[in-house]
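J.: Okay, handing you the structure first.
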Amino acid sequence: QVQLVESGGGLVQAGGSLRLSCRASGITFSHNTMGWYRQAPGNARELVAAINGDSTTNYAASVKGRFTISRDNAKNTLYLQMNSLKPEDTAVYYCNANRWDWYWGQGTQVTVSS
């Protein structure tokens, strides 16, 4: 059974930082492209950042230079370091794993106050 468990969300003031983690089980973690997506109320879910098996990364233009995605294959864990947070970063953040199938975590709320 595949499980993706996110942690690290919370409430932070604008300009602050948070670090999200996603612990994976039930998949061959190193073979999967891993990503962080977010969904704000009334909006579609959107890609924030992704990292593939050889650690090539891809970022949404809105977070480039502020967020850093990384992975630790030995710990089956994905990270998202979020700096210089803005109120528009407020959303539920979801961990995603994909290779042949797509898997999602339950989401973690990030709220940035102005």
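J.: Sorting ASP54, ASP89, ASP72 by accessible area (1.4 Å probe), largest first, what list results? Before the final figure, lay out the partial values.
T.: Working: ASP54 110, ASP89 0, ASP72 45 Å².
I get ASP54, ASP72, ASP89, largest accessible area first.
J.: With every protein chain left in place, what is the accessible area per residue of the chain in square angstrom, probe 1.4 Å? Write out the running numbers ahead of the final one.
T.: Details: 5920 Å² over 114 residues.
Accessible surface, normalised per residue, equals 52 Å².
J.: Still on this model: Just grab the label-to-label distance for GLU46 and ARG19, each label 7 Å out from Cα along the Cβ direction, in nm (one decimal).
T.: Reported label-point gap for GLU46 and ARG19 is 2.6 nm.
J.: Normalising by the residue count of the chain, find the relative contact order in percent from Cα pairs under 8 Å and 6+ residues apart.
T.: 36
J.: SER113 to ASN83: FRET efficiency via 1/(1 + (r/R0)^6), r the Cβ-Cβ distance, R0 22 Å, to the nearest 0.05? Before the final figure, lay out each step's value.
T.: Numbers: r = 16 Å, r/R0 = 0.73.
E between SER113 and ASN83, to the nearest 0.05, is 0.85.
J.: Do any trypsin sites (Lys or Arg not before Pro) in region 34-114 lie in a loop, going by DSSP, with at most 16 other beta-carbon atoms within 10 Å of their beta carbon, and if so which?
T.: Values: sites: ARG38, ARG45, LYS64, ARG66, ARG71, LYS75, ARG99; in loops: ARG45, LYS64, ARG66, LYS75, ARG99.
Passing sites in region 34-114 are ARG45, LYS64, ARG66, LYS75, ARG99.
J.: Also, quick follow-up: Each residue of region 5-18 in order: what ³J(HN,Hα) in whole Hz does its phi give by Karplus 6.51 cos²θ - 1.76 cosθ + 1.60, θ = phi - 60°, with x for Gly and Pro?
T.: The phi angles translate into 10, 8, 7, x, x, x, 9, 9, 7, 3, x, x, 10, 9 Hz.
J.: Please identify every one of the chymotrypsin sites (Phe, Trp or Tyr not before Pro) in region 22-88 that sits in a loop by DSSP and has no more than 13 other beta carbons within 10 Å of its own beta carbon.
T.: On the way: sites: PHE29, TRP36, TYR37, TYR59, PHE67, TYR79; in loops: none.
Counting only loop positions with at most 13 other Cβ atoms within 10 Å, none of the chymotrypsin sites (Phe, Trp or Tyr not before Pro) in region 22-88 qualifies.
J.: Also, I was wondering about something else. Just to be sure I understand the model, the point goes 7 Å from the Cα along the line to the Cβ. What's the resulting ASN58 to GLN3 distance in nm?
T.: Distance between label points: 3.0 nm.
J.: Using DSSP to call loops (not H, G, I, E or B), can you name the chymotrypsin sites (Phe, Trp or Tyr not before Pro) in region 81-114 whose Cβ has at most 15 other Cβ atoms within 10 angstrom?
T.: Working: sites: TYR93, TYR94, TRP100, TRP102, TYR103, TRP104; in loops: TRP100.
Sparse-neighbourhood loop chymotrypsin sites (Phe, Trp or Tyr not before Pro): TRP100.
J.: Could you work out what % of the accessible surface of the chain is carbon and sulfur, using a 1.4 angstrom probe and leaving DNA, RNA and ligands out of the count? The partial results should precede the final answer.
T.: Values: 2710 of 5920 Å².
Heavy-atom surface of the chain belonging to carbon and sulfur, 1.4 Å probe: 46 percent.
The values are calculated or read from the model by the stated rules, or taken from the named source; none is laboratory data. Note that the structure is predicted; figures quoted are calculated from it, not measured. Using ideal geometry, Cβ is built from the backbone for each residue, glycine included, and neighbour counts are taken over all protein chains shown. For the accessible areas, the whole protein counts, side chains as well, though only heavy atoms, and no ligand, DNA or RNA atoms are used. Shrake-Rupley method; radii C 1.70, N 1.55, O 1.52, S 1.80 Å.
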